[in-house]
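Working notes, structure below.
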Amino acid sequence: MYSTEEQPIKLADTDYPIHKLLQKRWSPRAFSEKAIDSKLLNQLFEAARWAPSSYNEQPWRFIIARKEDQEAYEKLASVMNEFNQSWAMDAPVLVLALTKTTFDLDGRDNPHAEHDLGQAIAHLTFEATRHNLYVHQMAGILPQRARELYEISEDYKPMTMFAIGYKDDPESLNDKLKKQETSPRIRKDLDEIIYDGKWDQ
Ligand SMILES: Cc1cc2nc3c(=O)[nH]c(=O)nc-3n(C[C@H](O)[C@H](O)[C@H](O)COP(=O)(O)O)c2cc1C
């Protein structure tokens with residue numbers, strides 16, 4: 001029987017020891033509808049706020065919708081593609097993550113805005129893990145739809161969405177997703193991603 005305790009199978013099977021929050025974080029699709037306390041939600045975005053960024057531009061922006069506000073939630077949910085809608089809509093909070101594509105300073109293009117947004121979301125994700133919350137990021141969204149629905153100007157780019165919530169029993173998922181939800185997490189070996197002093201494809 002699945003327990004609500006962390007499934008050992010999902011803990012990162014690391015070659016070297018890492019912080020337990022990094023080991024514990026993963027991207028579930030079975031979310032409980034349990035609401036997230038507003039202060040706790042702010043705590044997660046506080047963690048994002050303190051991420052480093054190029055020129056300290058902080059080019060991250062977030063549109064959030066809570067399940068309690070059905071109209072706002074369904075509006076934001078409509079920005080996800082059908083696959084992501086099929087599992088993410090149990091989560092109590094949905095977020096659209098945007099970059100500011102130009103520098104506040106002088107209006108030039110900010111070529112590192114996407115890098116900085118990803119880092120801010122990573123901060124948020126680990127703060128979430130600390131509170132037994134999980135974050136599932138999604139590239140499967142309809143950016144143009146977001147632009148139209150929220151009247152987003154060209155200076156901003158809808159990049160990704162993410163669902164935040166407490167985990168639920170994988171039994172709530174269809175067979176294919178259940179299999180993914182309960183299978184071990186895999187990664188490339190370190191020697192496939194590190195090149196010591198030379199580039200060797
Ligand atoms: C930028 C980004 C986009 C992603 N897009 C999707 C998505 O559209 N749908 C989905 O189900 N998972 C998506 N994922 C989740 C990844 O598939 C997942 O992070 C990866 O398989 C590693 O699994 P783990 O997060 O459980 O370690 C995305 C993750 C990231 C970081």
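What follows is calculated from the coordinates using simple rules that are stated; it is not laboratory data. Quantities reported herein were computed from a predicted structural model and do not represent experimental measurements. Cβ placement follows ideal geometry from the backbone for every residue including glycine, while neighbour counts extend to all protein chains displayed.
Odds and ends about this structure:
- Relative contact order of region 18-180, pairs being alpha-carbon contacts under 8 Å that are 6 or more residues apart, as %: 35 percent
- The alpha-carbon of Lys167 sits under 16 angstrom from the alpha-carbons of these aspartates and glutamates, leaving out residues fewer than 8 places away in its chain: Glu5, Glu6, Glu33, Asp37, Asp90, Glu127, Glu181.
- Gain on full stretching of the segment that runs from Ser27 to Met89 - 0.36 nm per residue minus C-alpha separation: 20.9 nm
- Diffusion of the chain by Stokes-Einstein, at 20 °C in a medium of 1.002 mPa s and with Rh set to the Kirkwood radius over alpha-carbon pairs, works out to 117 µm²/s.
- Here the label points at Asp13 and Lys39, each 7 Å from Cα along the C-beta direction, are separated by 4.1 nm in the simple model.
- Axial C-alpha extent at least 20 Å, average Kyte-Doolittle at least -0.5 - helices from the chain (DSSP): 113-130
- A simple spin-label model places the labels of Trp199 and Ala139 2.1 nm from each other, with each point 7 Å out along Cα-to-Cβ.
- Annotation for region 121-195: chymotrypsin sites (Phe, Trp or Tyr not before Pro) lying in DSSP loop with at most 11 further Cβ atoms inside 10 Å of their Cβ are Tyr195.
- Distance from region 58-76 to region 159-201 (C-alpha centre basis), Å: 25 Å
- Cross-link pairs Lys20/Lys198; Lys39/Lys176; Lys20/Lys157; Lys24/Lys176; Lys67/Lys188; Lys34/Lys75 - those with Cα-Cα distance over 27 Å: Lys20/Lys198; Lys39/Lys176; Lys20/Lys157; Lys67/Lys188
- Low-density loop cleavage sites - GluC sites (Glu not before Pro) in region 151-201, where at most 16 other Cβ are within 10 Å (DSSP): Glu151, Glu154
- Glu148-Lys20 pseudo-label distance in nm [points 7 Å out on the Cα-to-Cβ vector]: 4.9 nm
- The chain - mean residue ellipticity at 222 nm from DSSP helices (-39,500 (n - 2.57) per run, n ≥ 4, rounded to 500): -9500 deg cm²/dmol
- Residue among Ile186, Ile121, Ile36 with the largest mean-square fluctuation in a Gaussian network model of the chain, springs linking Cα atoms under 10 Å: Ile186
- Cut-off 14 Å between beta-carbons: net charge of the residues surrounding His115, Lys and Arg +1, Asp and Glu -1: -2
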